[in-house]
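Participant: I am attaching a structure below and will ask some questions about it afterwards.
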Amino acid sequence: MSPDIPLGLQWLGGMCENGNDIAALLVISGSLRREVQCPQAPREVRHVHGTNDTVMDFPLWRDKFDCGVGQDAGAWNVVDFLTFQRTTWEDCGSGQNVTLDIHPGGHFIPHGWIG
């Protein structure tokens, strides 16, 4: 495991070092530090993140994969009290796809979002 990755995110280090055989990764309120390399990342990453998260940096997957301009996929919700804004990046520099769902909350798993 990489010493550059916080202990709580060591599984991401394994994912970045051995991710070629992993089809997809779902990340909730977690990200990589800017300086962490991810040479063997999964082919698809879906990330859910709160815009008021004060624990983790905002997601950088699109930067890691050398993605261009994202496509605004619009707002969506499963429960009335929580709306997400989805952006997608397809065919990034290394062939990965990234989906980012942001919500107005913080560093938590929003109740009812997984539906």
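Rule-based calculations on the coordinates, nothing more; no lab input. Small disclaimer: the values here were computed from a predicted structure and weren't measured. Don't worry about glycine lacking a Cβ; one is built from the backbone with ideal geometry, like all the others, and counts go over all protein chains shown.
Participant: With a sphere of radius 12 Å drawn around the Cβ of N97, what net charge do the other residues whose Cβ falls strictly inside it have (Lys, Arg +1; Asp, Glu -1)?
Facilitator: Charge balance in the 12 Å sphere: 0.
Participant: With no solvent and one equal point scatterer placed on each C-alpha of segment 48-90, evaluate the Debye formula and give log10 I(q)/I(0) for q = 0.15, 0.20, 0.31, 0.35 Å⁻¹, two decimals.
Facilitator: -0.48, -0.79, -1.11, -1.16
Participant: Separate question: How much net charge surrounds I22 when only other residues with a Cβ under 12 Å from its Cβ are counted (Lys, Arg +1; Asp, Glu -1)?
Facilitator: Neighbourhood net charge equals -2.
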